[in-house]
Amino acid sequence: MTVSPHFAFHQGVLHAENVPLTTLAERFGTPLYVYSKKALHDAWGAYQQAATGRNVLVCYGMKANSNLAVLNEFRKLGSGFDIVSGGELARVLAIGGDAGKVVFSGVGKQEWEMRAALKAGVKCFNVESEPELERLAQVAQDMGKVAPVSLRVNPDVDAQTHPYISTGLKENKFGIAIEDAPGVYQRAKQYGSLDIVGVDCHIGSQITEVSPYLDALDKLLVLIKHLAGLGVNIRHLDLGGGIGIRYTDETPLTPKMLLDKVFEKLDAQGFGHLQIVLEPGRSLVGNAGVLLTRIEYLKHTDAKNFAIVDAAMNDLIRPTLYDAWHSVEQVVTPVGGQVQTYDIVGPICESGDWLARNRSLALAQGDVLAIMSAGAYAFTMASQYNTRPRAAEVMVDNDTVTVVRPREKLESLFEHEVVLD
Ligand SMILES: *Cc1c(COP(=O)(O)O)cnc(C)c1O
C-alpha cells in the first residue's frame, strides 16, 4: 500500500494507473514528474459530492500545480481557479478558463495585475490590506470598471500546521485583522468603483482537523451579521483552501467532513443562501503525482549512508524548506539485498539538498525511486539552481501517457543571457 491508490504495486512494480513506472523512467528519463489523471478526477469528485445540492464554487488553488494539462482537467470538470499572480491568470486564460470563476488572492497585487484581472472580468479580488483596497479602487476607476471585492480576513485561529504554511494567525502577513474588517468594509462601500461581494479567509495548509475551520467560520459569521447591520450585504463566503493530504499516516479531514459542518452552521444561523467558495490546492493534486529519480551512487561514510539520486532540492524543495516528509518507494520491490538506513540526497552543492532522511531501504545503484505525494508544491516550486534543467512532466490516463511538459533543454537555460563585449 502506498499513500495514493492511483500509484499501486502490481507484481512488485509500482504503477501509475496501468503504466509501470519503470517504463516511464526508461522512456522519458529521470528526474520525472508523473501525474495520474484519475487521481485528479477522484480528488475533484470528493469536493463535488460533498457539495451536492448546495451553492458551492470550488476554485482550484493553482499555485499547487499550474501545469496547463492539470488546469485543463479541472476546467473541464467545472472548476474555478484561485490565482495569486498575473502569471497565473495568463495560464487560466491560456486554457480558455472562465474568468468569472476566478478569485484573485495575494498580499502584493501590482497595478498591471489588477488591470489584467479587471479586463478579464474575474469573479472577485480578495483584498488583503487598506492600501491595496485604495489602489484597486483607483485602478478600476481609471478603467471605468467596478471591481468585485472580498476582504481577506485574518480570523486569528491556529490551524495547527507548520509555521511556514500557517496563515491565519495575527502575526502572519496575510489578511486584515478581523476586528478591523468592519471599518475597512465601510471604507470600501464609499468607493463607486468597488462592489463588495464577499468575505474571505485562508487559514493555512496541510490542515488535518475540521476544528480550525469551524473556529474561523464562527468568527466570520459574527462579522457577516455585524456587516449586515452596517448595510453591507455579503453574497459569498470563501473559506480558502488548506485541507491536508496523507504524506505518511495522516488521516486528514475530507471535503465532506468540512462541508457537512459548514452547511449545518450556515443553516442553523440563517445563512443557507450564502454561496460557499473553496480554494483547495494540495488536496486536489498532492497525491496525484510522484517524482521519479534514479540512484547515481551509494555512498557509505562513518556517520551515514547516502543514496545520491538525480533529483534534487531544485526539483522538490519541500523537504528542506518545510522539513516535509515524503514517502519513498522503490519502483521495483527488491528481492533480498541488505536493508540499511539511508539519507536520500541530490547532487546540488548544499547540505540542505536532501529529499528524505533516515529511511530503511535495500538499495542498489541504478534503482529508481518514487518520491510520493509530489503533485503539489513540487514542480511549481522547482528552479534551475546549479543550471539543472527542470524535470519533464507526464500525465498518465489509464494506459496512455502524455508528456505535458518536456524536460528543459540545457541551452534554453541560458539562451536569453547576454555577455558584454
Ligand atoms: C495556497 C493558497 C490556497 C491553497 O492552499 P492548499 O493548502 O494547497 O489547499 C488557497 N488560497 C490561498 C489564498 C492560498 O494562498
*Name the trypsin sites (Lys or Arg not before Pro) in the stretch 318-421 that are in a loop by DSSP and that have at most 14 other C-beta atoms within 10 Å, would you?*
Lys409
*Considering Cα pairs under 8 angstrom that are at least six residues apart, work out the relative contact order of the stretch 225-290 and quote it in whole percent.*
48 percent
*Compute the long axis of helix 130-142 from its Cα atoms, compare it with the longest principal axis of the Cα atoms of the chain, and write down the angle in degrees, 0 to 90, nearest 10.*
70 degrees
*If you stretched the chain out fully between Arg357 and Asp142, how much longer would it get, using 0.36 nm times the residue separation minus the C-alpha to C-alpha distance?*
72.0 nm
*Name the residue farthest towards the positive end of the dipole of the stretch 105-280 from the options Leu151, Ser211, Pro252, assuming +1 on Cβ of Lys and Arg, -1 on Cβ of Asp and Glu, about the Cα centre.*
Leu151
*Excluding ligands and nucleic acids, what accessible area in Å² is computed for Lys37 using a 1.4 Å probe, to the nearest 10?*
50 Å²
*Grab the other residues whose beta carbon is less than 15 angstrom from that of Pro334, score K and R as +1, D and E as -1, and report the net.*
0
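Give the residue list of trypsin sites (Lys or Arg not before Pro) in the stretch 42-98 that are DSSP loop and have at most 16 other beta-carbon atoms within 10 angstrom. Working shown, then result.
Details: sites: Arg54, Lys63, Arg75, Lys76, Arg91; in loops: Arg54.
Sites meeting the loop and neighbour criteria: Arg54.
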*By how many degrees, 0 to 90 and rounded to 10, does the Cα axis of helix 37-50 deviate from the longest principal axis of the chain?*
30 degrees
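Are there GluC sites (Glu not before Pro) in the stretch 296-393 that DSSP puts in a loop and that have at most 15 other Cβ atoms within 10 Å, and which ones? Each step should come with its number before you reach the end.
Numbers: sites: Glu296, Glu329, Glu350, Glu393; in loops: Glu350.
Answer in residue order: Glu350.
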*Approximate spin-label separation Leu214-Thr400, in nm, with each point projected 7 Å along Cα-to-Cβ*: 4.5 nm
*Quick one: what does P(r) look like for the chain with 10 Å bins over all Cα pairs, in whole %?*
4, 21, 29, 23, 14, 6, 1, 0
*Relative contact order, percent, of the stretch 1-87 when contacts are C-alpha pairs under 8 Å separated by at least 6 residues?*
20 percent
*In straight Cα distance, which lysines are under 16 Å from Lys76, not counting same-chain residues fewer than 8 positions off?*
Lys37, Lys38, Lys101
*Between Glu408 and Glu130, how many nm apart are label points set 7 Å from Cα along the C-beta direction?*
4.2 nm
_In the stretch 105-280, lysine pairs with alpha-carbon atoms under 17 angstrom apart (chain gap of 8 or more, or interchain)_ = 12
_Calculate the FRET efficiency for Arg187 and His416 from the Cβ-Cβ distance with a Förster distance of 60 Å, rounded to the nearest 0.05._
0.90
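Before anything else, pin down the relative contact order of the chain: Cα pairs under 8 Å, at least 6 apart, normalised by residue count, whole percent. Please report the intermediate quantities before stating the final value.
Details: 931 pairs, mean separation 82.1, N = 421.
Computed value for the chain: 19 percent relative contact order.
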_Accessible-area value, Lys38, 1.4 Å probe, nucleic acids and ligands omitted, Å²_ = 110 Å²
*Rounded, prolate or oblate: pick one for the stretch 85-205, where a ≥ b ≥ c are the square roots of the eigenvalues of its C-alpha gyration tensor, a/c under 1.5 means rounded, and failing that, prolate if a/b is larger than b/c, else oblate.*
oblate
*Any chance you could give the angle, 0 to 90 degrees and rounded to 10, that helix 68-77 forms with the longest Cα principal axis of the chain?*
50 degrees
_Spatial extent of the stretch 105-280: Rg and Dmax, with the Cα atoms as the point set, Å_ = 16.2, 53
*Which whole-angstrom value gives the distance between the alpha carbon centres of the stretch 344-421 and the stretch 186-204?*
40 Å
*At 222 nm, what helix-only mean residue ellipticity would the chain give, in deg cm²/dmol to the nearest 500, using -39500 (n - 2.57) for each DSSP H run of four or more?*
-8000 deg cm²/dmol
*Leaving ligands, DNA and RNA out of it, work out the accessible area of Glu111 with a 1.4 Å probe and give it in Å² to the nearest 10.*
90 Å²
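The values are calculated or read from the model by the stated rules, or taken from the named source; none is laboratory data. No experiment lies behind these values; they were computed from the predicted model shown. No Cβ is skipped: glycine too gets one built from the backbone with ideal geometry, and neighbour counts run over all protein chains shown. Areas reflect the complete protein model, heavy atoms only, side chains present, ligands, DNA and RNA absent. Shrake-Rupley method; radii C 1.70, N 1.55, O 1.52, S 1.80 Å.
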